[in-house]
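Engineer: Here it is: the structure, laid out below.
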Amino acid sequence: MDLCRIIYEHSSRFPADERYGLVTQMRRAAVSIPSNIAEGQGRLTDKEFRQFLGIARGSLRELETQTLLARDLGYINDAFASRARSVMDEVSRMLNALITKLAP
């Protein structure tokens, strides 16, 4: 959830012509991460949960790519990119640990 707040906060500063482009993509990817974790946790089996954790991990990778693009385009500075990367690394470690724990 912290990652979502960070992305929403900083993407609101992007140029207006990105409102329906990169801003939307980044926000959707960010929201997808905790949403898929929550949906998967509500499923009946560990296998289903793992599937949703995999989707969350894919959304995280998408967001990482979009963050790099936003930095390269000058929409975010290196300090924010580094902060976001740190949070994304933490989320990635947690997802990977949970996926491993649920493995058959």
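The values are calculated or read from the model by the stated rules, or taken from the named source; none is laboratory data. Since we're looking at a predicted model, the values are computed, not measured. Note: ideal-geometry Cβ built from the backbone for every residue, glycine included; neighbour counts use all protein chains shown.
Engineer: Give me the residue from region 70-82 that is surrounded by fewer than 14 Cβ atoms within 10 Å (Cβ to Cβ) and not in a loop (DSSP other than H, G, I, E, B) and, out of that set, modelled with the highest pLDDT.
Structural biologist: D72
Engineer: Inspect all residues belonging to region 89-98 and state whether any of them is of a type in the set (S, T, N, Q) and either assigned to a helix (DSSP H, G or I) or within 14 Å of L3 (Cβ to Cβ) (or both).
Structural biologist: The answer is yes, given that some residue of region 89-98 is of a type in the set (S, T, N, Q) and either assigned to a helix (DSSP H, G or I) or within 14 Å of L3 (Cβ to Cβ) (or both).
Engineer: Which of the residues spanning region 36-56 are assigned to a helix (DSSP H, G or I) and surrounded by fewer than 18 Cβ atoms within 10 Å (Cβ to Cβ)?
Structural biologist: Residues satisfying the conditions are A38, E39, Q41, D46, K47, E48, Q51, G54, I55.
Engineer: Has region 80-103 got any residue that is of a type in the set (D, E) and more than 13 Å from the chain's Cα centre (by Cα)?
Structural biologist: No - not one qualifying residue is present in region 80-103.
Engineer: Which one of the conditions (1) charged (D, E, K, R); (2) at pLDDT 95 or above; (3) over 21 Å from E90 (Cβ atoms) does R13 fail to meet, given that it meets all the rest?
Structural biologist: Only one criterion is unmet by R13, namely (2).
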